[in-house]
1. Give the distance, in whole Å, between the Cα centre of segment 147-167 and the Cα centre of segment 320-355.
2. Whole-Hz ³J(HN,Hα) for each residue in segment 308-316, computed from phi via Karplus 6.51 cos²θ - 1.76 cosθ + 1.60 with θ = phi - 60°, x for glycine and proline: what do you get?
3. Quick one: the Cα spread of segment 315-423 along its three principal axes, in angstroms, biggest first?
4. Taking the highest mean first, how do the peptides 445-456, 162-173, 430-441 order by number of other beta carbon atoms within 10 angstrom per residue?
5. Please rank Trp119, Trp175, fewest neighbouring Cβ atoms within 10 Å first, as an exposure proxy.
6. Work out the charge dipole of segment 187-257 with +1 on the Cβ of Lys and Arg and -1 on the Cβ of Asp and Glu about the Cα centre, then indicate which of Val215, Ala235, Ser251 is farthest towards its positive end.
7. Counting alpha carbon pairs within less than 8 Å and at least 6 residues apart, what relative contact order, in whole percent, applies to the chain?
8. Given the chain, what whole percent of its Cα pairs are spread farther than 34 Å?
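Nothing in this text is a laboratory measurement; each read-out follows from the coordinates by a stated rule. Keep in mind it's a predicted model, so treat the numbers as computed, not measured. Here the Cβ is made from the backbone with ideal geometry for all residues, glycine too, and neighbour counts use every protein chain on show.
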Amino acid sequence: MSKESLKNNTVLHDTASENAGEETKRQFEYMEKVKGHVADLEKELGRKPTACVVTFGCQMNARDSEKLLGVLTKVGFEEVETEDADFVIYNTCTVRDNADQRVFGRLGYVGGIKKKKPWMRIALCGCMMQEQSVIEKIQKSYRHVDLIFGTHNIFKFAELLNTMFESDRMIIDIWKDTDQIVEDLPIVRKYKFKSGINIMFGCNNFCTYCIVPYVRGRERSRSPKDIIREIEYLASDGVKEIMLLGQNVNSYGKGLPENEQLSFAELLSEVCKVDGIERVRFMTSHPKDLSDDLIKVIAENEKVARHIHLPLQSGSDEILKKMNRHYTKESFLLLVNKIKQAIPDVSITTDIIVGFPGETDSDVDETIDVVRKAAFDNAFTFIYSKRTGTPAAGWEQVPESVSKPNFDRLLKVVQETARERASRFTGQTHRVLVEEINEQDSSLVTGRMSNNTLVHFPGDADLIGEFVDVKLNECHGFYYTGERVFE
Ligand code: 5AD
Ligand code: SF4
């Protein structure tokens, strides 16, 4: 296992380890080949070629982007944040239509840059690429794209880069699904002290509005051994906080071989035992699968963050049924109460969709009622976006004249409740992991509490990556200002 520090905040986790699988070894061979192409480009340009990874969407994509950057760095590119780079890759999201539109907007912009830099290469990957209509549109209207691949074959990135360098044509490689999980490829972490970890891929729930099961494929859990091994490595490399990632972490473990059977609650408990890991987060929980065992593990284990993201989507039983969510308003509220009783200092956040097909004003009244009763610490509210290929896309749609006022009315209640909830810690002292220098005021640093709330307080760069105790002096809506306390 080798590692090298790149910049202050990025670390190459480069593990062509002894026990790497065949596919991993193959990809490392391709990385060697691509190195040659990048070196040729370096000679041509008289400087190190640059690469920019642009990420849209969720934490899963953020983690995938770290894998893309791992390969790009390994083959000799220098990471930059601007799209006038020599290689630009867009890691796309398609959960809502506005994410798609933003990608097309960026593609138009970057096409202009490429006209002036003919050696430039542009690539696309991620969820949006799993849609046939998107590929057709790119083939027709965005001919300046060099490489397209999807969510299932991201592990082949090195091989695809090699093909791209050896061809003048647009390379397209999209898989419909896969059961392969390729371990131990290079990763460049954005933060030295915290990291996401995939524990599973895909989703089997088929909520009727959601495109994810179609673009991310069937649910597959990573082996507990591989997960723990990766976390142990991260801990040895300075990571203190990890986030276990999956579309529905509560169904972790289904389909694992008999000798590796483990529930999510058990996995979480094992992860907490890794020395050096001080805080463990997870995302996302489906309310239908959140077990009593999991609540117990969280309650009994100080290392588990006091934050549960529990998407409600709707508070109306009828809409929940049409959404295929498998819970009711009542069972959701019971679950929230159970969690709050067992873990009094927990923060619960949620996602809500407004304007799902057939939704009426009185359905939204039900949702608002849940928001008031559950007293979420925050809620991400979305207007329903029709996704081609999902069942709900074929149903009668709600006009914007109905959904927009309902959205506004919900948002108002969400903001009121969240503001009230957020202030409940005023005057208390909380343990905070310092993440960065404050963007607005460089005499302050920004840290994150266990419950995910941000705190700004006086401090300097030496504190980044450290856990410190901070007194929460004042709540400003969604964040606190405070001061460090020394015992
Ligand atoms: N329209 C609007 N919001 C959606 N989400 C998922 N699919 C859609 C859609 N078609 C929201 C859900 C999910 C979050 C990640 O995105 O609330 O929890
Ligand atoms: Fe989409 Fe539902 Fe799966 Fe979440 S659980 S990814 S909303 S289908």
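1. 40
2. 10, 8, 10, x, 7, 6, 7, x, 9
3. Ordered largest first, segment 315-423 gives principal extents of 43, 27, 23 Å.
4. The most tightly packed comes first, giving 445-456, 430-441, 162-173.
5. On the way: Trp119 11, Trp175 14.
In order of increasing Cβ crowding within 10 Å: Trp119, Trp175.
6. Result: Val215, furthest along the dipole toward the positive end.
7. Numbers: 964 pairs, mean separation 49.7, N = 487.
This gives 10 percent for the chain.
8. So the pairs more than 34 Å apart make up 39 percent of the total in the chain.
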